[in-house]
1. Restricting the range 104-120 to residues that are surrounded by 12 or more Cβ atoms within 10 Å (Cβ to Cβ) and part of a loop (DSSP other than H, G, I, E, B), which is modelled with the highest pLDDT?
2. I'd like the residue in the range 86-103 that is part of a loop (DSSP other than H, G, I, E, B) and not charged (D, E, K, R) and, out of all such residues, is farthest from Leu39 (Cα to Cα).
3. Given the criteria out of contact with any Phe, Trp or Tyr (no Cβ under 7 Å at 6 or more places or on another chain), buried (at least 17 other Cβ atoms within 10 Å of the Cβ) and at pLDDT below 85, does Trp58 qualify?
4. Among (1) at pLDDT below 85; (2) touching a helix residue (DSSP H, G or I) at 6+ places or on another chain (Cβ under 9 Å), there is one condition Leu51 misses while meeting the rest; what is its number?
5. Please state which of the following conditions Val66 fails to meet, knowing it meets all the rest: (1) at pLDDT 90 or above; (2) out of contact with any Phe, Trp or Tyr (no Cβ under 6 Å at 6 or more places or on another chain).
Amino acid sequence: MPLLYTAFVVYASLDKYAMGMVPESINGADKIAHATAYLVFVLIWALACRLNKNKEDWKFYLLRIVVLALFLGLLMEVCQYVFTSYRQMDWLDMVANSTGVLLGYLFSIKFILNPKKLQY
C-alpha cells in the first residue's frame, strides 16, 4: 500500500491529466491538496512502520519517513520544472508539502506510534 500511494503522489505531481484533479474554483485548493497528499503519505508509511517494525525502532523509521517525504516533495517540484512543460515549480507548493509532512509526523506520533498504545 505505501509503495502504491507513493506512485500515486509521483503520478499526480508529474502527469498532465492529474492537474484537473483539484478544482480551480476553490481558493487555495491546490495548496490544501499538496498538504493533504503529503500528510497521507507520512501516515500511510508510519502505519506500515507500526505494523511491521519493532516498537523500539519506530522513532528511527518515522524520522526516515519524514526525511524521505520532504525529499520527495522537493524532488517532485524540481522534476516539474526540469521534465515538464505543462507544470511549474512553485515554492508555495514546497511549503504546502512540508506542512503536510509536519502534520503527518505529529499525527503519527499522537495516533499511530504512541508508545503508550503500542501493544504486542
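The values are calculated or read from the model by the stated rules, or taken from the named source; none is laboratory data. As the structure is a computational prediction, the values presented were derived from the model and not from experiment. Note: ideal-geometry Cβ built from the backbone for every residue, glycine included; neighbour counts use all protein chains shown.
1. Across the range 104-120, the extreme among qualifying residues is Leu113.
2. Filtering the range 86-103 down to residues part of a loop (DSSP other than H, G, I, E, B) leaves 86-90.
Filter again for not charged (D, E, K, R), leaving 86, 88-89.
Working: Tyr86: 25, Gln88: 22, Met89: 20 Å.
Across the range 86-103, the extreme among qualifying residues is Tyr86.
3. Working: out of contact with any Phe, Trp or Tyr (no Cβ under 7 Å at 6 or more places or on another chain): yes; buried (at least 17 other Cβ atoms within 10 Å of the Cβ): yes; at pLDDT below 85: yes.
For Trp58, the condition - out of contact with any Phe, Trp or Tyr (no Cβ under 7 Å at 6 or more places or on another chain), buried (at least 17 other Cβ atoms within 10 Å of the Cβ) and at pLDDT below 85 - is met.
4. For Leu51, the exception is condition (2).
5. It is condition (2) that Val66 fails.
One line per residue, one yes/no per condition, for (1) over 18 Å from Thr6 (Cα atoms); (2) loosely packed, with under 14 Cβ neighbours inside 10 Å:
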{"position": "Ala35", "(1), (2)": "no, no"}
{"position": "Leu43", "(1), (2)": "no, no"}
{"position": "Ile65", "(1), (2)": "no, no"}
{"position": "Tyr81", "(1), (2)": "yes, yes"}
{"position": "Ser85", "(1), (2)": "yes, yes"}
{"position": "Met89", "(1), (2)": "yes, no"}
{"position": "Val95", "(1), (2)": "yes, no"}
